[in-house]
Amino acid sequence: MTSLGPNDSPYLLMTPGPTRVPERVRRAGARAMLHHRTPQFSAELAVMLELLHPIFGTSQPVLPVHTTGRGALEASLCNLLSPGDAIIACCNGAFGEMWARVAEAYGIVVHRIACDWTADASPPDIAELLDRDRSIRAVLVAYCDTSTGVRNDVAAIARVTAAHDALLFVDGVSALGGMPFAFDEWGVDVAITASQKCLTASPGLAFVTLSERAWRAANSARLPRSYWDFRPIRELVTKPRPETPGTTPVHLVLQVAESLRMIHEQGFAAVLERHEANANAVRRGVARLGLALQCPDLRALSPTVTAIALPASIAPKTLREGLKQRGILTAAAMGRFEPSGFRIGHMGDIRPADVERTLAALAETLDSLANAGDVAGSETARR
């Protein structure tokens, strides 16, 4: 078996994460080891943290958490809540439901809302539940849930939570860096993202920011936390020469610092526009090929991922294998949509040429299946 070289990529990653890591970012993370307590590393850490502020839309400290996005979602709960606290979880997607289950594992009382994956989270429904139960402390919502491609209206939900004195936690793992986000302006209390999606670096590093109200909640929260504790992270990263508790994942920090330099060199507004343009091109392209969106009734769609429905005559696994043979890696649908669709990610470093290549490969794959008679055969296989 031939092993891949350090710069070889067998597939174009049109997936909702991890995404393609640009060569310049890979090189930044491949340098000789820096010790995490040196001025040289501290300077890179400072650059990374400073360049994250516009991504979050905040003047609050951005905390690097040495974990995946999922780990930071869990950490946000145990830093701000106490056993028996009641929360609302918007479960209109796989990751909203996952966050709800994590909360339950900590003994938090979870009120699930917006459980229909084909619909957006409704601010009026959230307001109604908050009116009925004044004990509810917080609301969890995914800005983009990649299982459906929904773009939940975080700004509107934030107005509701502020009016009811409830904390708003936002999963921005598949959104921040590719979707506009205004943490301070909207009045969000907790926002989380991670290195491997729109930030175009390798997996393993997450980022969190908290409002002043959230910090007050953190000081009185009673869930257990040690490695997850945000307070020592804030203390150390806000020093004149920032550092982190414990051993830092040095090369991940170097990668993210470089990826953020690239984003800001391109112009963050231009990066956001590219994400929107790529999403529109994918959706127009699949429509031309006779395919439909998985959840056509969503009011707003994410610019980072598109969930696509397939006709009953096409098995998603067969279609995705055809794309893979043409060098394109896509993602399976999730939940009840798994037997009937697939997902194309277009976040991070994805360019218009990558979208064109993917749509051309999709057209070829559909033609190949039709010409080979595999469309009819796949229907039989799915029964």
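The values are calculated or read from the model by the stated rules, or taken from the named source; none is laboratory data. What you see is a predicted model, and the numbers here were worked out from it, not measured in a lab. Every residue, glycine as well, gets a Cβ built from its backbone with ideal geometry; the counts of neighbours run over all protein chains shown. Surface accessibility is based on the protein's heavy atoms, side chains included, excluding ligands, DNA and RNA. Shrake-Rupley method; radii C 1.70, N 1.55, O 1.52, S 1.80 Å.
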Q) Do we find that VAL160 is within 22 Å of the chain's Cα centre (by Cα) and modelled with pLDDT of 95 or more in this structure? A) no
Q. Right, ALA191: modelled with pLDDT of 95 or more, open to solvent by 10 Å² or more (accessible area, probe 1.4 Å), closer than 28 Å to ARG132 by Cα and of a type outside the set (Lys, Arg) or not?
A. no
Across segment 51-65, the tally of residues that are part of a strand (DSSP E or B) and surrounded by fewer than 20 Cβ atoms within 10 Å (Cβ to Cβ) stands at 0
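Within the bounds of segment 266-276, is there any residue that is on the phi > 0 side of the Ramachandran plot, surrounded by fewer than 19 Cβ atoms within 10 Å (Cβ to Cβ) and free of Cβ contacts under 8 Å to residues at least 12 places away in the same chain?
Yes, there is a match, as at least one residue in segment 266-276 is on the phi > 0 side of the Ramachandran plot, surrounded by fewer than 19 Cβ atoms within 10 Å (Cβ to Cβ) and free of Cβ contacts under 8 Å to residues at least 12 places away in the same chain.
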Checked segment 203-215 for anything touching a helix residue (DSSP H, G or I) at 6+ places or on another chain (Cβ under 6 Å) and open to solvent by 10 Å² or more (accessible area, probe 1.4 Å); matches are GLY204
Taking segment 277-311 and keeping residues without any contact (Cβ under 8 Å) to a residue 60 or more places away in the chain and within 18 Å of PRO16 (Cα to Cα) leaves ASN280, ARG283, ILE308, ALA309
Any chance THR193 is under 26 Å from PHE268 (Cβ atoms) and in a strand (DSSP E or B) = yes
- Looking at this structure, is LEU130 of a type in the set (A, V, I, L, M), touching a His at 6+ places or on another chain (Cβ under 7 Å), open to solvent by 10 Å² or more (accessible area, probe 1.4 Å) and on the phi < 0 side of the Ramachandran plot? no
Screening ARG234, ARG222 for residues that are in a helix (DSSP H, G or I), open to solvent by 60 Å² or more (accessible area, probe 1.4 Å) and touching a residue at least 12 places away in the same chain (Cβ under 8 Å) leaves only ARG234
The correct count of residues that are assigned to a helix (DSSP H, G or I) and either farther than 26 Å from ALA269 by Cα or open to solvent by 80 Å² or more (accessible area, probe 1.4 Å) (or both) in segment 25-50 is 6
By residue number, the members of segment 232-262 that are within 13 Å of LEU63 (Cα to Cα) and charged (D, E, K, R) are ARG234, GLU235, LYS239, GLU243
By residue number, the members of segment 87-120 that are open to solvent by 30 Å² or more (accessible area, probe 1.4 Å) and either of a type in the set (Asp, Glu) or farther than 23 Å from SER174 by Cα (or both) are GLU97, GLU104, ALA105, TYR106, GLY107, VAL109, HIS111, ASP116
(Q) Can you say whether VAL188 is on the phi < 0 side of the Ramachandran plot, in contact with a strand residue (DSSP E or B) (Cβ under 8 Å, 6 or more places away or on another chain) and in a strand (DSSP E or B), as far as the supplied structure shows? (A) no
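Does GLY84 fit the bill of being open to solvent by 20 Å² or more (accessible area, probe 1.4 Å), assigned to a loop (DSSP other than H, G, I, E, B) and without any contact (Cβ under 8 Å) to a residue 60 or more places away in the chain?
yes
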A careful count of residues in segment 237-248 that are surrounded by 14 or more Cβ atoms within 10 Å (Cβ to Cβ) and in contact with a Pro (Cβ under 7 Å, 6 or more places away or on another chain) gives 3
ask   = VAL173: touching an Asp or Glu at 6+ places or on another chain (Cβ under 9 Å), of a type outside the set (S, T, N, Q), surrounded by 24 or more Cβ atoms within 10 Å (Cβ to Cβ) and in contact (Cβ under 8 Å) with a residue 12 or more places away in the chain, yes or no?
value = no
